[in-house]
Amino acid sequence: MADTTTHRTPSEVENEAKKILLELLARKDSITNKDRMKIPPQLMPVQPPETRRKNYDEVALGYGPAQAQLEALRCLNCKNAPCVDGCPVRIDIPGFVKAIADGDFQLAIKIIKQNSLLPAVCGRVCPQETQCQEKCTVGRALKDPLKSVSIGRLERFVADLERESGKIQIPEVKTETGKKVAVIGTGPAGIVTAADIRREGHSVTVFEAFHKPGGVMIYGIPEFRLPKKIVRKEIETLEKMGVEIITNFVVGKTRKLTDLLEKDSFNAVFIGTGAGLPKFMNIEGENLVGVFSANEYLTRSNLMKAYDPKSDTPFYPAKKVAILGGGNVAMDAARTAVRLGAEEVHLLYRRTEVEMPARIEERENAREEGVIFHILTNVKRFIGNDDGILIAMECLKYELGEPDASGRRRPIEIKGSEFIIDVDTAIIAIGNDSNPLIEQTTPGLKVNKWGNIIVDENQMTSIDGVYAGGDIVLGAATVILAMGQGRIAAKAINERLRKI
Amino acid sequence: MNKIKRKIKLSENVYRMDVEAPLIASERKAGQFIILSLDDNYAERIPLTIADANTKEGTITLIFQVVGATTKKLSRLEKGDFIDNLLGPLGKPTHIEKFGTVVCVGGGIGVAPMHPIAQEMKNAGNKVISIIGARNKELLILEEEFKRLSDELIICTDDGSYGRKALVTEPLKEICSKIPPPDLVIAIGPPIMMKFCSITTKPFNIKTLVSLNTIMVDGTGMCGGCRVTVGGQTKFVCVDGPEFDGHLVDFDNMMKRLNAFKNIERKKFEDECKLETEIKKMEKKNG
C-alpha cells in the first residue's frame, strides 16, 4: 500500500513539486491523460512522529500551492465524475479541482462553498478514501485507492488559503422572511442546516448545551487533527450570516422542544444533537477508577484543555494505557494519551485491521506515534486494587468466524486464551448510543430500539415540523454524513416555510 | 445572564448565592442541579444542586461549600458579578407524591439540596420529619427553613455543640423503629452518610432515596464520568439520577471514583492557596 504522508519539510516537497509543475505548465495545452497519470501523487507533509508525540499541534501541515496545483493536474476530469456520487453533499469536485489545476484558487473555494460550509473541517476529517476518492478513476487505474486524486487535501488547501487571507466569503442571505427556525446542536448537522435555512432569509436560532459551539468538532476531535481555531472561524461565518447561537442551553431541560414550537413560535425545529451517550461493556470492573469513556477522556483534553497547565480540569496521570476499540475515536484517544505523557499505549481490537473502522491515515499516524496494536484481542474484565483503582486487565484472544449482520466477520473468542496485561488506565471507545434527553421530554417523538430518532426521506420525525439529522438519526457516523442529512432537512424546512 | 443578585455567607466556607437565571428558575423542579463554569477556556465544569428558586425574581439559589479550585473562585465573586456559564436544570426531578410520612435526612452541605425536596414533600401533603446534621453548630445551615417546613425537626451535631450529639443515623434508626414506620426516607449528604443511612433503613425495609453528587464534565450524559453501579448495573448520575435507591447503590465504588482526581486537585488547590498567602504577604509588606 502506498505511503500518503512524508516527514520531509513542507518547503522541500513544495520545491520538488514546483519543478515538476513548471515543466508541465510549459506545455500546458498538450498535457495528455498519460502525463497526468504519471504525476507523482503528492504526499502530505506531516510533523515527524518524535516531534509531534510531544505537542498538540496539527500533525498534517498541508500542501503548498505548487503541490496543490500539481495534485489537481492528476485529475482526468472524467465526464461521469464518479467522485461526486461518493460525496454526501455532492460538491462539484471536478469543477473545483480543475480551478486549482488552473491556478484559480478563489474560484475553487467558491465552487466548494456552494455545497459545503465546512471545507476546512471536511478536508481534514472526512473519510475520503471510502467516499469521493474511493470512486476516483485515477485510483482505480493505478489499482490503489490511496493513489486517487487527494480531493480532501485539495479542499483543505483552498479552504485554509481563504481563511488565512482573512477574506472569507460570507454566503448571501435573502431578505428577511420573518419566519423562525430552531436548530438544536452546533455540530456538523446543525451548522449546515442553520446555514442553508438562513440563506433563504429565515431567522435561525441555534442552541448548544456546552459553553462553546462546535459539537464533536470541539469536544471530540483533538486539536492535532482539527485545530479549534478553524472550527471557531467556521462558526463565525455562521454568525456573520445572522444566525443566533445560544450556548448553555439544553433543549429538553432548559426548555422543552414542544415549548419552542408552541410558546416561542418557532415554525420548525431541527434536532442535530449527535450520538452523545457513551457505550460501556457491562463487564466486571468497568467502574474502577482509571476506566474512562473515550468521550470523557477526549472532552477533558479537548474542550476543557486538561493538557494545559492553566486548566482547572484535571487529567488522569496515565502511564500505561489500553484503548478498547478500532474506530477513529479510539485512534484519537490513543494519540491523545501519547501526548499526555503515557509511556505505553496499547490499542485492543477484537477483529483484524481489515475490519477496523478507523481511517488508514489515522491508523498510520497512531502507529508512527508508538501506539501498539493488538488485533483479535478484547478485554474480559478489569482488575483493581483494594482502593478500587485499575491495575490490570484480563484479556482474551479471538479468531474470525462467519460474517455477521454488519457484513464483517464475527469475532469468536478462543477458549482458554486468557492473559493479563498491566495497565493503569483503560479508555473505552466502542461507540455511542443516542442521547435520551430530548426523547424523554418530547412526547410523540418516535425512536428505534437504539434510541435513534426515526425520520422520513425528508428527515422529518414523527412530529410535524420537527426534523432531525446526523448521529442522532444515524448512530455514530461521520461529519460529512451528518452534513448530508442536515442539507436534506434544510431543503425540506425551506420548502415547508415557503408554504406558510 | 447569570448575574449574582445576592451573596450570603452561611457558615465557614459555605455560601449562598441567588443567581439570575429566569429560564432555569421556571423549569427547575426539586432534585435537579446545574453545571457551572467560570470562564470559557480553562475553567472546569462542576455540578451544584439547585437549593431554591424564585420565579418572580427569575433567580435560582445555589448553596456551596469551598472544597476545590472552582468553588474557591466562585466564593470570591460578589453581588453584581456574573457566572460565565450556567446550564440546567439537569437530572431527573424527585418523584413527589403523597407517601405518608417522609423522613428527610440532610448532612453538612447536603441540607441545601434537601431543602426543595422537603418543601415539595410537605406541599404534597406528607408528614415531613427532618433530621439535619453538621459537624458543629457553626456549620449547620438552613435551620430556620427546615423549622418552618417540617412537622418535626431533629438537629444533630457531631461534637454536641448544638442539638443532639449524634450522627444522623441514630435518630433515623429510632424513627424507623416506630410503629407505624415512615413510608419513605430521603438522605442527602456526604457519601459516607448516605451509605450509613441506607444501611440503617435496610433492615426495616423502608424505601430510601439518596441524591448522588459525583464528578461530572458535561452533565448531559455525554461523558459517563459520573457513572455509578446501582443494583449491579452502570447508571449515569446526570441523566438517570441524581436520585437512586440507596439500598442498591454501590457506595464504596462511588466514593473511590470521587477520589479519582483527588491527589492532582489537592496539589493544584494547595499551590493556589500558597500563592494566595504569598500575595497577601507581599501586599502587607508593600502596605
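Within chain A, antiparallel bridges make up roughly 35 percent of the DSSP beta bridges whose residues both belong there.
Note on A:ALA405 and B:ARG148: the model spin-label points, each 7 Å out from Cα along the C-beta direction, lie 5.6 nm apart. With 21 Å as the limit on Cα-Cα distance, the pairs of A:LYS305/B:LYS7; A:LYS305/B:LYS73; A:LYS212/B:LYS9; A:LYS212/A:LYS446; A:LYS180/A:LYS212; B:LYS98/B:LYS235 that go past it are A:LYS305/B:LYS7; A:LYS212/B:LYS9; A:LYS212/A:LYS446; A:LYS180/A:LYS212; B:LYS98/B:LYS235. Counting, for every residue in B:29-41, the Cβ atoms of other protein chains within 10 Å of its Cβ and taking the mean gives 2. Across B:ASP252, B:ASP218, B:ASP18, mean-square fluctuation computed from a Gaussian network of chain B (C-alpha pairs under 10 Å connected) peaks at B:ASP252. Counting only other chain Cβ atoms within 10 Å of each residue's Cβ, the peptide A:306-315 averages 6. Sequence-distant contacts, meaning Cα pairs under 8 Å at least 6 residues apart, place the relative contact order of the stretch A:251-339 at 17 percent.
The average projected area of the stretch B:140-245, computed from the convex hull of its Cα atoms over all directions, is 8.1 nm². Each listed q (0.18, 0.25 Å⁻¹) maps to a log10 I(q)/I(0) for the stretch A:359-419, found by the Debye formula over equal Cα scatterers with no solvent: -0.88, -0.99.
Can you pull the percent of Cα pairs in the stretch A:1-110 with separation above 21 Å? For the stretch A:1-110, the share of Cα pairs beyond 21 Å comes to 45 percent. Local charge for A:VAL423 was computed over the other residues whose Cβ lies under 12 Å away, with Lys and Arg +1 and Asp and Glu -1, and equals -3.
Taken over the alpha carbons of the stretch A:36-185 as equal point scatterers, the Debye sum produces base-10 log I(q)/I(0) values at 0.14, 0.17 Å⁻¹ of -0.71, -0.97. Each stretch of four or more DSSP H residues adds -39500 (n - 2.57); spread over every residue of the protein assembly as shown, this sum gives -10000 deg cm²/dmol at 222 nm.
Here the alpha carbons of the stretch A:262-313 define both size measures, Rg and Dmax, at 17.4, 49 Å. Working note: Karplus 6.51/-1.76/1.60 with θ = phi - 60° gives the stretch A:224-241 the couplings 6, 10, 8, x, 5, 5, 5, 4, 4, 4, 5, 5, 4, 4, 4, 5, 5, 6 Hz, where Gly and Pro are set to x. The peptide list A:253-259, B:102-108, put in order of mean Cβ contacts within 10 Å with the highest first, becomes B:102-108, A:253-259.
Given +1 at the Cβ of Lys and Arg, -1 at the Cβ of Asp and Glu and no other charges, the dipole of the stretch A:234-306 around its Cα centre is 120 debye to the nearest 20.
Here the protein assembly as shown is assigned +1 on the Cβ of each Lys and Arg and -1 on the Cβ of each Asp and Glu. Its dipole about the Cα centre then comes out at about 780 debye. Distance between the C-alpha centers of the stretch A:35-84 and the stretch A:110-183? Whole Å please. For the stretch A:35-84 versus the stretch A:110-183, the Cα centre distance is 14 Å.
Put in line by how crowded their Cβ is, counting other Cβ atoms within 10 Å and starting with the fewest, A:TYR56, A:TYR219, A:TYR297 read A:TYR56, A:TYR219, A:TYR297.
Among B:GLY108, B:ALA166, B:MET282, which residue has its Cα furthest toward the positive end of the charge dipole of chain B, with +1 on Lys/Arg Cβ and -1 on Asp/Glu Cβ? Projecting each Cα onto the dipole axis, the largest value belongs to B:MET282.
Entry note, chain A: relative contact order of 14 percent, from Cα contacts under 8 Å with a spacing of 6+ residues. Computed across chain B, the Kirkwood hydrodynamic radius from all distinct Cα-Cα pairs reaches 19.6 Å.
What's the extension gain from A:ASP259 to A:SER165 if we count 0.36 nm per residue and subtract their Cα-Cα distance?
Length gained between A:ASP259 and A:SER165: 29.6 nm.
Its convex hull of Cα atoms gives the stretch B:1-136 a direction-averaged projected area, equal to a quarter of the hull surface, of 8.3 nm². Taking every pair of alpha-carbon atoms in the stretch A:164-224, give the share separated by more than 17 Å as a whole percent. Percentage above 17 Å: 51.
Take every Cα pair under 8 Å whose residues are at least 6 apart in sequence, average their separation, divide by the length of chain B, and the relative contact order is 15 percent. Just add up the charged neighbours of B:LYS195: K/R +1, D/E -1, any other residue whose Cβ is under 14 Å from the Cβ of B:LYS195. Net local charge, B:LYS195 excluded: 0. For chain A, the Kirkwood estimate of the hydrodynamic radius, built from every pair of different alpha carbons, is 24.0 Å.
Here, each number is a calculation from the coordinates, and none is a lab measurement. These figures come from a predicted structure and were not determined experimentally. Here Cβ is always computed from backbone atoms with ideal geometry, including for glycine, and neighbour counts include all displayed protein chains.
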